[in-house]
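The values are calculated or read from the model by the stated rules, or taken from the named source; none is laboratory data. Because the structure is a prediction, the values reported are computed rather than measured. Note that we place each Cβ from the backbone using ideal geometry, even for glycine, and neighbour counts take in every protein chain shown.
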Amino acid sequence: MPKVKIARKSTVVDMTAMCDVAFLLLTFFMLTSKMTSQDPIKITTPTSISEIKLPESNVLTILVDKTGKVYFGVDGQGNRLAVLNKIGDTYKTKFTVAEQKQFSLVNSFGVPIERLHQYLGLKTADRDAYQSRLGMPADSTNNELKAWVKITNDNFVANSTQYKIAIKADNGTPYPKIRQVIKTLQDLSLNRFNLITGLEEAPKDL
């Protein structure tokens, strides 16, 4: 009698669809960056072997220092002015021409909106010490960071401008503080963002 051949079944499971869904929900990019602008606080970032560079323009940056205080920044004087005026409309406050000019020159800052007039009235050399005691409200009870991010996103979208969101946190920042920032972005359906790291040497083959 001829032997009965048993059909062999493949044990390979196609995980492509599952991986696609996972990365669609939340995508991280590890970036290395040599910031040309001066940050208002000192941040020692974690390191990685990624060599992807941060874009030169159209970047929304969220800084988180080692105590968990949050700072916000967007590049481009035109972008800053547009966002500031929208914030003023939202929170029913007006900014003078002098204040607008000062704000357009600020790379990043970390003060509540109610303190923004006072902050802009300070000399540049005095601002860092002032805001280091405050930080931008970013918790569930008063999330001003969410307002700044939303208005900035709306401004970029209205101008059909592609932009990147970058989170730069200190190596010692408590994780719950970073998680709150990420949740703020997710609440706005902004699931693609970049984590800024320092560059470390790739492991050598043995």
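Among the residues of the range 111-139, which ones are β-branched (Val, Ile, Thr) and within 22 Å of the chain's Cα centre (by Cα)? Correct list: Val111, Ile113. Take the residues of the range 140-158 that are within 13 Å of the chain's Cα centre (by Cα) and free of Cβ contacts under 8 Å to residues at least 60 places away in the same chain: which is farthest from Asp75 (Cα to Cα)? Taking the candidates together, the pick is Lys146. I need the full set of residues from the range 62-90 which are touching a residue at least 40 places away in the same chain (Cβ under 8 Å) and under 20 Å from Ala158 (Cβ atoms), in order please. Across the range 62-90, the qualifying residues are Phe72, Val74, Asn79, Ala82, Val83, Lys86, Ile87, Thr90. Residue count for the range 92-106, restricted to those that are touching a His at 6+ places or on another chain (Cβ under 9 Å) and in contact (Cβ under 8 Å) with a residue 24 or more places away in the chain: 2. Counting only helices (runs of 4 or more DSSP H) that sit completely within the range 111-162, zero hold 2 or more residues that are in contact with a Cys (Cβ under 8 Å, 6 or more places away or on another chain).
Reported count of residues in the range 174-206, each being on the phi < 0 side of the Ramachandran plot, part of a loop (DSSP other than H, G, I, E, B) and modelled with pLDDT of 90 or more, is 4. Contact map, the range 159-180: residues that are within 14 Å of Gly135 (Cβ to Cβ) paired with residues that are at pLDDT below 90 and loosely packed, with under 14 Cβ neighbours inside 10 Å, Cβ distance under 9 Å, separation 6+ or inter-chain. Pairs shown: Asp170/Lys42; Asp170/Thr44; Gln180/Ser140. Kindly evaluate Lys101 against the criterion of being exposed (fewer than 14 other Cβ atoms within 10 Å of the Cβ), under 19 Å from Asn79 (Cβ atoms) and of a type in the set (Lys, Arg). Taking the combined requirement at face value, the residue satisfies it. When the test is whether a residue is assigned to a loop (DSSP other than H, G, I, E, B) and modelled with pLDDT of 95 or more, Val106 passes it.
Within the range 114-131, restricting attention to residues that are charged (D, E, K, R) and free of Cβ contacts under 8 Å to residues at least 24 places away in the same chain, the residue that is surrounded by the most Cβ atoms within 10 Å (Cβ to Cβ) is Arg115. Condition first: of a type in the set (D, E, K, R), over 19 Å from the mean Cα position of the chain (by Cα) and not in a loop (DSSP other than H, G, I, E, B). Can you find one or more residues in the range 78-93 that meet it? There is at least one residue in the range 78-93 that is of a type in the set (D, E, K, R), over 19 Å from the mean Cα position of the chain (by Cα) and not in a loop (DSSP other than H, G, I, E, B). Only a single item in (1) buried (at least 18 other Cβ atoms within 10 Å of the Cβ); (2) over 15 Å from Val83 (Cα atoms) is not met by Phe109, and it is number (2). Has the range 54-73 got at least one residue that is part of a helix (DSSP H, G or I) and surrounded by fewer than 17 Cβ atoms within 10 Å (Cβ to Cβ)? Scanning the range 54-73 turns up no residue that is part of a helix (DSSP H, G or I) and surrounded by fewer than 17 Cβ atoms within 10 Å (Cβ to Cβ).
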